[in-house]
Amino acid sequence: MIETLNNGGKIILAGNGGSAADAQHFAGEIVGRFTMERNSLPAMSLCVDPSVVTCIANDYGYEEVFARQIEGMGNAGDLFVGISTSGNSENIIRAINTCKKKKITTVGLLGKNGGKLQGLCDYALTVPSNSTPRIQEVHTLSVHLLCEMIEKGIFGVNE
Ligand SMILES: O=C(CO)[C@@H](O)[C@H](O)[C@H](O)[C@H](O)COP(=O)(O)O
């Protein structure tokens, strides 16, 4: 993630339900700030524009809501984070496949045994629990830890 941002790429995130909340939370910490006064960094959640999401879902199917946004807004050198507690959400799987075509690095924040996404993502952080709420709680912690590491990695340890 640090390499992506240092090289001018952006972080793109998506998830369903509670994981959609995690995706927008992550983007907020990166674009706004986590704990440090610093320049803004580029990150976006694909879950937050109801007009875009409903248009794609209505016209192309819910499976396409993230893949089509990546097709339109993702660039080589970006990094996509797909958040899925089951690892089996079809719209995240399709998003990852679109990223591969566009040379976008893929990261899975997953749960259980990682599901179908485990082997598809370039990197996977998989919470080995069968409880969706417990997985989500560890994902939220992971979001904060990642944001802390990004800030410290790019701007130093000033807090
Ligand atoms: O928050 C919860 C359950 O705690 C739900 O909204 C949950 O996120 C939804 O069922 C999601 O559709 C599950 O998708 P996924 O994590 O398996 O990809």
For LEU146, state whether it is crowded, with 17+ Cβ neighbours inside 10 Å and either over 15 Å from the mean Cα position of the chain (by Cα) or assigned to a loop (DSSP other than H, G, I, E, B) (or both).
no
Of the residues GLY74, GLY156, GLY82, which single one is within 24 Å of ILE30 (Cα to Cα), without any contact (Cβ under 8 Å) to a residue 60 or more places away in the chain, open to solvent by less than 40 Å² (accessible area, probe 1.4 Å) and not hydrophobic (A, V, I, L, M, F, W, C)?
GLY156
Going through the range 1-55 in order, the residues found to be within 16 Å of the ligand (Cβ to nearest atom), open to solvent by less than 20 Å² (accessible area, probe 1.4 Å) and not in a helix (DSSP H, G or I) are LEU13, ALA14, GLY15, SER45, LEU46
Check GLY108, GLY77 and return the single one that is in contact with a helix residue (DSSP H, G or I) (Cβ under 8 Å, 6 or more places away or on another chain), under 23 Å from LEU125 (Cβ atoms) and assigned to a loop (DSSP other than H, G, I, E, B).
GLY77
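Can you pull out every residue in the range 40-71 that is without any contact (Cβ under 8 Å) to a residue 12 or more places away in the chain and either more than 19 Å from ASN16 (Cβ to Cβ) or more than 16 Å from the chain's Cα centre (by Cα) (or both)?
SER40, PRO50, SER51, THR54, CYS55, ALA57, ASN58, ASP59, TYR60, GLY61
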GLY108 passes all but one of the listed conditions (1) touching a Ser or Thr at 6+ places or on another chain (Cβ under 9 Å); (2) more than 9 Å from the ligand (Cβ to nearest atom); (3) of a type outside the set (Phe, Trp, Tyr); (4) closer than 14 Å to ALA67 by Cα; the exception is number (4)
From the list ASN91, ASN113, which residue is within 15 Å of the ligand (Cβ to nearest atom) and either surrounded by 22 or more Cβ atoms within 10 Å (Cβ to Cβ) or in a helix (DSSP H, G or I) (or both)?
ASN91
Looking at (1) farther than 19 Å from ASN91 by Cα; (2) without any contact (Cβ under 8 Å) to a residue 24 or more places away in the chain, which is the one condition that is false for GLY17?
(1)
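The values are calculated or read from the model by the stated rules, or taken from the named source; none is laboratory data. Source: prediction; values computed, not measured. FYI the Cβ positions are ideal-geometry reconstructions off the backbone, even for glycines, and counts take in every protein chain you see. Note: areas computed on protein heavy atoms with side chains; ligands, DNA, RNA excluded. Shrake-Rupley method; radii C 1.70, N 1.55, O 1.52, S 1.80 Å.
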